[in-house]
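One structure is given below, represented as structure tokens, and several questions about it will come after.
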Amino acid sequence: MNIRLLAGGVAIAVAGVIGYGIYQMVPMGKPLKRSEVIGELNGPPLALYSRVTLQRYGERQLLIGQRLVSSKDIAELEKAPVLDRQVPVLEERLQKQRSRLAEAGAATALASGNTDLALLMLQDGRSTTDTRNLIYGGQGTGAFDLLGSISGDKGVGLIGTPEGRTLYLVTSTIRSSGDGEQPTAWDTLRSDDLGKTWTYDADVTLGFPQQHTVFLTQDRAIALERHEAGHRLLVSSDGARSWSATLLDDQVWPDAQSYDRAFYEKTAKAGGASGEDQLAYDWSLYPLDEKRAVGWSWRTRISLTASQKNEVLETRRFEVEFQDGASPAFRITPAQPPAPPQSADVQVTRDQPVFETSGSAVYELDKAERTWHRRSDAPAVRGNPSWIGDAWFGRKAWVIKTYADHLLSFNEYTKTYFYTRDQGKTWQPFQIPQDVETGLLGLDQSGDALLSLGERDGKTVIRRYPLD
């Protein structure tokens with residue numbers, strides 16, 4: 001065969017592969033072009049790269065984000081309550097926390113021989129700048145007023161009772177470390193007027209490591225907790241002032257001890273890669289009504305080798321009914337279909353529909369049947385399967401952000417946004433600018449447009465992008 005012909009054929013094949021790889025990287029869909037400013041923050045701008053949350057209680061909207069400030073910014077912040085002053089010795093504790101972290105980081109840098117980095121870390125630990133969490137409130141008119149600010153590098157959490165009758169702002173500092181029965185309590189502020197005013201609540205016990213905390217009524221709250229003894233179900237009947245705990249492992253997996261022992265004995269005998277397998281138990285928890293909740297737990301074989309995938313061995317459902325003056329009543333159903341993992345970032349309320357995603361699938365919880373229904377799958381991107389990274393669900397539309405492999409991946413993926421107005425029967429791809437994605441808040445209240453933070457004349461504004 002002619003060498004030149006062979007070389008030419010190889011070149012054409014390589015060019016074809018590269019061309020197809022580039023084609024796979026080209027964004028799908030048309031950009032969202034139309035937008036309108038529907039809100040403006042009357043106060044210091046937020047850092048668009050920080051995690052900003054928007055929560056709604058009827059017409060009342062609360063927007064919480066962060067901003068790095070220095071002493072020259074304090075005058076503007078003091079136009080609204082500086083909530084640090086309500087929390088005992090908050091600044092002192094935060095500074096000690098920063099110093100400890102800086103010293104630990106500096107010690108690691110010194111051990112690696114990086115003296116300059118160690119000095120920089122120590123200087124940052126004593127920095128005059130401060131990460132502040134800003135709380136803005138709006139009444140549906142477009143104007144968001146600064147309601148207060150508080151220090152805390154790790155951010156704050158907002159938990160509401162039904163209809164927002166009481167709101168709890170959970171800070172990033174610990175008030176008490178708890179004991180064997182009571183969970184750790186974080187400094188918390190309380191509002192009974194939808195965030196207009198806040199007062200320090202020294203009695204309420206909320207915060208990490210509680211997971212999926214939700215108020216079923218004004219006084220009854222539930223949560224999951226990772227505890228040294230295992231996962232616990234926490235229940236409060238006095239507005240999160242005190243909690244009773246039930247060890248879920250004993251209720252849902254009474255066979256865990258014998259099963260785990262047999263599993264590890266078997267894998268140890270097998271040796272090699274199989275001997276490196278581990279077992280893990282994951283949990284979810286969802287409110288049903290004022291007295292009931294449902295959750296799932298799944299036992300997974302975790303493979304530590306690249307050649308094998310993790311395997312869900314069994315999924316069990318647990319239903320809980322709460323009774324005044326008595327322990328919760330459990331009903332356990334083994335051998336259930338696989339359940340999607342629960343999102344850690346979305347706060348589930350009692351009366352809202354529940355959606356979750358797993359891999360490429362969208363699931364909806366049927367609260368009456370206590371089952372998950374697979375509603376849709378993410379579409380292919382340039383011929384390749386995709387998986388869902390983020391999702392937002394509204395009354396009129398759903399939006400998903402997907403990722404897909406391509407020929408020229410090198411640990412990079414094709415990112416594509418899709419929306420649907422028919423609950424996932426058909427999906428339409430679209431593009432959003434980088435600055436829109438950076439400040440993305442999710443869907444508006446109508447569920448038919450995306451909201452994003454932006455900047456205009458030195459102020460933070462909220463822009464609405466219709467899905468068309």
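Throughout, read-outs are computed from the coordinates displayed, never taken from laboratory work. Note that the structure is predicted; figures quoted are calculated from it, not measured. Counting neighbours? That spans all protein chains shown, and the Cβs are built from the backbone with ideal geometry, glycine included.
Net charge around THR205, counting only other residues with Cβ within less than 13 Å of its Cβ (Lys, Arg = +1; Asp, Glu = -1)?
Here the charged neighbours net out to -4.
Now, a different point. Please give me the summed charge of the neighbours of LYS415: other residues whose Cβ is under 15 Å from its Cβ, Lys and Arg +1, Asp and Glu -1.
Residues close to LYS415 contribute a combined charge of -2.
Does region 358-468 come out rounded, prolate or oblate by the C-alpha gyration tensor, with a ≥ b ≥ c the root eigenvalues, rounded set by a/c under 1.5 and, if not, prolate when a/b is larger than b/c and oblate if not?
oblate
Also, I was wondering about something else. On a 27 Å Cα-Cα criterion, which of the cross-link pairs LYS30/LYS154; LYS33/LYS459; LYS309/LYS401; LYS196/LYS291 come out too long?
In this structure, LYS30/LYS154; LYS196/LYS291 exceed 27 Å between Cα atoms.
Relative to the present Cα-Cα distance, how much length would full extension add between ASP193 and SER258 at 0.36 nm per residue of separation?
Full extension from ASP193 to SER258 adds 18.2 nm.
Can you pull the one-decimal nm distance between simple spin-label points at ASN384 and ALA368, each 7 Å off the Cα toward Cβ?
Those two pseudo-labels are separated by 4.3 nm.
Going by amide H atoms built from the backbone, whose H comes under 5 Å of the H on GLY439, apart from near neighbours?
Here LEU453 satisfy the definition.
Residue by residue through region 320-335, which ³J(HN,Hα) values in whole Hz follow from phi under the Karplus form 6.51 cos²θ - 1.76 cosθ + 1.60 (θ = phi - 60°), with glycine and proline marked x?
For region 320-335, the Karplus curve yields 10, 10, 9, 10, 5, x, 9, 6, x, 9, 10, 9, 10, 10, x, 6 Hz.
Next question, about the same structure. Alpha carbon centre of region 293-356 versus region 218-232: separation in Å?
14
In addition: Would you please classify the overall shape of region 188-239 from the alpha carbon gyration tensor, given that a ≥ b ≥ c denote the square roots of the eigenvalues, rounded means a/c under 1.5, and beyond that prolate means a/b larger than b/c while oblate covers the rest?
It is prolate, given that a/c is not under 1.5 and a/b is the larger ratio.
Also, quick follow-up: Using mean Cβ contacts within 10 Å as the protection proxy, how do 143-153, 51-61 order, highest first?
Top to bottom by mean Cβ count within 10 Å: 143-153, 51-61.
Ranked highest first by the average count of other Cβ atoms within 10 Å around their residues, in what order do 386-393, 291-298 fall?
291-298, 386-393
Also, I was wondering about something else. Quote the relative contact order of region 348-447 in percent (integer), defining contacts as alpha-carbon pairs under 8 Å separated by 6+ residues.
So the answer I get is 19 percent.
May I ask which residue of ALA256, GLY383, GLY239 lies farthest towards the positive end of the charge dipole of region 237-395, with charges of +1 (Lys, Arg) and -1 (Asp, Glu) on Cβ and the Cα centre as origin?
Towards the positive end, the residue furthest out is GLY383.
Moving on to the next point. Nearest 20 debye, what's the magnitude of the dipole of region 241-347 about its Cα centre given +1 on Lys and Arg Cβ and -1 on Asp and Glu Cβ?
180
Taking region 139-231, which GluC sites (Glu not before Pro) meet the DSSP loop condition and have no more than 12 other C-beta atoms within 10 Å?
For GluC sites (Glu not before Pro) across region 139-231 that sit outside H, G, I, E and B with at most 12 neighbouring Cβ atoms in 10 Å, the list reads GLU181, GLU228.
Please give me the summed charge of the neighbours of PRO27: other residues whose Cβ is under 11 Å from its Cβ, Lys and Arg +1, Asp and Glu -1.
Its environment carries a net charge of +3.
Now for a different question. Using modelled backbone amide H atoms (1.01 Å from N, in-plane), which distant-in-sequence or interchain residues come within less than 5 Å of ARG241's amide H?
Result for ARG241 returns THR205.
Counting pairs of alpha carbon atoms under 8 Å apart in space and at least six apart in sequence, what relative contact order in percent does region 246-385 give?
RCO, region 246-385: 15 percent.
Still on this structure: Once you order the gyration tensor axes a ≥ b ≥ c over the Cα atoms, which shape class does region 290-405 get: rounded for a/c under 1.5, otherwise prolate or oblate by comparing a/b with b/c?
oblate
Which value, in debye to the nearest 20, describes the size of the charge dipole of region 274-336 about its Cα centre when Lys and Arg Cβ atoms bear +1, Asp and Glu Cβ atoms bear -1, and nothing else is charged?
140
Please list, in order along region 76-90, the HN-Hα scalar couplings obtained from phi with the Karplus expression 6.51 cos²θ - 1.76 cosθ + 1.60 (θ = phi - 60°), rounded to whole Hz, x for Gly and Pro.
Couplings: 5, 5, 6, 5, 10, x, 8, 6, 3, 5, 8, 8, x, 6, 4 Hz.
Run the quick spin-label model on ASP282 and LEU68: label points 7 Å from Cα toward the beta carbon, then report their separation in nm to one decimal.
Simple spin-label model gives 3.4 nm for this pair.
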